[in-house]
Structures are given as C-alpha cells and as structure tokens.
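The values are calculated or read from the model by the stated rules, or taken from the named source; none is laboratory data. These numbers were taken from a predicted model, which means no experiment stands behind them. Using ideal geometry, Cβ is built from the backbone for each residue, glycine included, and neighbour counts are taken over all protein chains shown.
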Amino acid sequence: MAEIENQRQGSEEDQVITPWEVAAKEGGKIDYDKLIDKFGCQRLDETLVRRVERLTSLPAHVFLRRGVFFAHRDFNEILDVYERGEKFYLYTGRGPSSEALHLGHLIPFMFTKYLQDAFKVPLVIQLTDDEKCMWKNLSVEESQRLARENAKDIIACGFDITRTFIFSDFDFVGGEFYKNMVRVAKCVTFNKVVGIFGFTNEDHIGKISFPPVQAVPSFPTSFPHLFSGKDNLRCLIPCAIDQDPYFRMTRDVAPRIGYQKPALIESSFFPALQGETGKMNASDPTSAIYVTDSAKEIKNKVNKYAFSGGRDTIELHRKYGADLEVDIPIKYLGFFLEDDVELEHTRKEYGAGRMLTGEVKKRLIEVLSALVERHRKARDAVTDEMVDVFMARRPLPHMFD
Ligand code: TRP
C-alpha cells in the first residue's frame, strides 16, 4: 500500500510525469531526484552497478555506467536470485504509435538486449496496439500494422530469437493472460486508477480498463507456453520512468493475488534536440533524430537544432567555456559515445573553451550516423518470416541455457 500512496504528479505540481505526458517545470529540467521521492523508487547506485559487473563478468553497459538507468525497484532482489543460480525473465514493451522510431525509443531496447545477453534470460516484449488505438485514436487495423512495423525495429536491436517472445495485445490477449487481467482488475478501484493515472470522468472506459493489460506480462502464469510450472519465476522490467505508474499498481496488487512483485530498472528520458525539458516528441520532427533519418538529415538537424551550451562569441567561449549542463551535443555523446576516455576528454576541453561547439557537433554527427546506419542495415535484414517466428506462440526450450 505504501507504494500506491505516491500519487500521480498533478498539474498543481511543477512537473508532470505520466505514461502520456512528460513536462518539466516551465523552462526547467526534469528533477529526477524529486521523481524518485515522489514515486517511491530507489536510486540505482554505484554499488549495484559494480555488483552487476561482478555477477555477469562483463563491464556494465554505458547506460548503467553513466546513470541513464538511474532508478529501480527491488533490482537487488533479482541479483540475489541470479546469484543463487536461479533465473528470472525480462519484460518490456512498446506502444506502436508511429511508423518511425526515434533514438529515445531505442534506449530501453538497447539496454534490454544487453541484459538478455549478460544474464542469458528469456524476454517477453509487449506491443500495446490496443493502448495506442485508444489513446491516439488509430483504427484497430492501423495499430496492428504499426505493431508489426515496430517489431522489425525492435528485432533489429539484436534480440536472441531462442529467448525472445514478441506479442501484440490484439493477437495474444486471452486464456491465462486474460484470467490474470481479471484477477488484477478486481483489485483496483476506479478511485485508485484516478489517483495513479489521473483519469477523469470524461475518459472513455477503454482507457480506464487498460492498466491490467500492461500489468499482467509481469506474471509468468500469463505465458503458459513459456513458463508453465514456473509460477514463482521473478520478472525484471526495464523501462523509462514514465511507465512507473503501471507497475506501482501491479506491485500493489501482486501479493493480493498470490504473485511475486515485478522488479524494475528505470531510465531517464532522452532529451529533445532543443534542450532538456522533456522527452523527444515523435510528432515534432525537428525535435528528434529518427532511425530512418539519412546522414544528411542527421547532420542538418544536429547543426541547426541541437541546443548548444557554447558561448555567443569565440572570445567569450574561450574565456568561459561551454555550459555542459545545458549542452545537448555533450548529453547525446554521453548516451552513445562508448569510449569513456574520449568522452571525458571532450567534456574537459569543451568545458574549458578549448574546443568549440562545431567540433563537438561534428563528432556527434559521426556517432549518430554510424548508429543509425547500423540500425538501418539490421532492420533491412529482418524478414517477414523472422517477425512471424518472434511473434509465434511457441515454447523456447533453450531460453535459460
Ligand atoms: N505503454 C508503453 C508505451 O506506450 C508500452 C509498454 C507496454 C511497456 N508494456 C511495457 C513499456 C513494459 C515498458 C515496459 O510505450
């Protein structure tokens, strides 16, 4: 109950974070410390990162090392389980609302791929075509089409076909999955979802009844073809922190219906090119780099729109150095430039005014073009047959090997 008492960030607050809206205080940045307090999750500290490295015998992913994934719930318990030689499974998802993904969309999937490889565990990926049909007012058919298109981008992130099940809600909901939805729904009052998600009396009942759909992939019994006989298998959910409300609700209900609470590992948002006041907005093409952008488009967008912390004149820049706190090129390099030494060097030189914005942007353009090109190639290699296999309701006999 304690978890659920942390209510939604209301509009009377200075920042609003719900699954549908991410807005910082006017002109400000998102205050992640405040969010951790408000939501009641835990900070992912250095000790946990070191523990992951020890247990997996691998260097931590850039997103862990640099604090992109910065919050968690019971992640330490998942590591306890793993240390005892038991396994767990991963659950993540995507609401297919647009054809083209932007870089921010890739972050949870890149990270989930690392977790899958590092821990050698199965993964279920939910495509909430039903959610986007209701929230974005898409037709059922269009949402289904987008789900399949997005599945290709997700597969292109490199998931292991022997350990990964991708499903769309329209195709998969039923059977044991639906029984769990009803078990959850019976435990959640209208008042409670209003508190957690901010629904109003004018919202249609589709929205109000949706949260159990996103909740139940957290329970292994929802996937009898994968986890039958493993009713107590623990679940770890990598996601952006705006999804936390769903899983606060899930964790509140789980013990009441005899299930384990899912653990979470949560990321901050990938900032828009214009600056760090929210997450990238898929409907504003100048705010984001898409995985479909050409090298030329990437170059133009970075040069034209990426908010710079450099000073107005070269003289002032040399004198004061760049303001790294607000500089988007440096922020983006922090996500995607893997070389710690080069990143540190760049921060130091740019921050001291010895490096100019143009040079930092040039390096960013190289890094992003390479990433996008790699993704494009991988996506081109994803066939319809591969999508069919990933999305087939099939046992995965080697998923824990
Ligand atoms: N609601 C999420 C979105 O709009 C999709 C989603 C479903 C999800 N299940 C998830 C995201 C689990 C993270 C983890 O994108």
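Can you name the number of the only condition in (1) farther than 30 Å from Val121 by Cα; (2) of a type in the set (Gly, Ala, Ser); (3) in contact with a Leu (Cβ under 8 Å, 6 or more places away or on another chain) that Gly334 fails?
The number of the failed condition is (1).
List the number of the failed condition for Phe119; all other conditions in (1) away from the ligand (no atom under 16 Å from the Cβ); (2) touching a strand residue (DSSP E or B) at 6+ places or on another chain (Cβ under 9 Å); (3) within 27 Å of Lys136 (Cα to Cα) hold.
Tallying (1) away from the ligand (no atom under 16 Å from the Cβ); (2) touching a strand residue (DSSP E or B) at 6+ places or on another chain (Cβ under 9 Å); (3) within 27 Å of Lys136 (Cα to Cα), Phe119 fails exactly one: (3).
Can you tell me how many residues in segment 71-97 are of a type in the set (A, V, I, L, M, F, W, C) and away from the ligand (no atom under 16 Å from the Cβ)?
Counting residues in segment 71-97 that are of a type in the set (A, V, I, L, M, F, W, C) and away from the ligand (no atom under 16 Å from the Cβ) gives 2.
Among what's in segment 189-215 and is of a type in the set (Phe, Trp, Tyr) and free of Cβ contacts under 8 Å to residues at least 24 places away in the same chain, pick the residue that is farthest from Pro19 (Cα to Cα).
Filtering first and then ranking leaves Phe190.
Out of all the residues in segment 138-150, is one or more over 25 Å from Ala378 (Cα atoms), within 15 Å of the ligand (Cβ to nearest atom) and either under 16 Å from the mean Cα position of the chain (by Cα) or among the hydrophobic types (A, V, I, L, M, F, W, C) (or both)?
yes
Just one of Ser218, Ser222 is assigned by TED's automatic domain parsing to the domain that holds Ile17, more than 23 Å from Ile17 (Cβ to Cβ) and surrounded by 20 or more Cβ atoms within 10 Å (Cβ to Cβ); which is it?
Ser222
Taking only pairs six or more apart or across chains, which ones have beta-carbon atoms under 7 Å, a first residue in segment 297-326 that is in the same structural domain as Leu103 (by TED's automatic domain parsing), and a second residue that is part of a helix (DSSP H, G or I)?
Close Cβ pairs (under 7 Å, with a partner that is part of a helix (DSSP H, G or I)) do not exist here.
Which condition number does Val194 fail, the rest of (1) in a loop (DSSP other than H, G, I, E, B); (2) farther than 28 Å from Phe119 by Cα; (3) away from the ligand (no atom under 16 Å from the Cβ) being met?
Failed condition: (1).
Quick one: count up the residues across segment 223-266 that are of a type in the set (S, T, N, Q) and either near the ligand (Cβ under 10 Å from one of its atoms) or part of a helix (DSSP H, G or I) (or both).
So the answer is 2.
Sort through Gln116, Gln144 and tell me the only one that's assigned by TED's automatic domain parsing to the domain that holds Glu21 and more than 28 Å from Leu368 (Cβ to Cβ).
Only one candidate qualifies: Gln144.
If I ask for residues that are under 18 Å from Phe170 (Cβ atoms) and crowded, with 23+ Cβ neighbours inside 10 Å, which ones from segment 95-123 would you list?
Gly95, Pro96
Within the set of pairs 6 or more residues apart or between chains, which connect a residue that is within 16 Å of Gly95 (Cβ to Cβ) inside segment 234-246 to a residue that is at pLDDT below 95 and near the ligand (Cβ under 7 Å from one of its atoms) with Cβ atoms less than 9 Å apart?
The qualifying pairs are Asp242/Pro19; Gln243/Pro19; Asp244/Pro19; Pro245/Pro19; Tyr246/Pro19.
Just one of Val387, Val382, Val372 is closer than 30 Å to Asp327 by Cα and in contact (Cβ under 8 Å) with a residue 24 or more places away in the chain; which is it? If you could, list the steps in order and put the result at the bottom.
Details: Val387 fails: closer than 30 Å to Asp327 by Cα; Val382 fails: closer than 30 Å to Asp327 by Cα.
Val372 is the lone residue from the list that is closer than 30 Å to Asp327 by Cα and in contact (Cβ under 8 Å) with a residue 24 or more places away in the chain.
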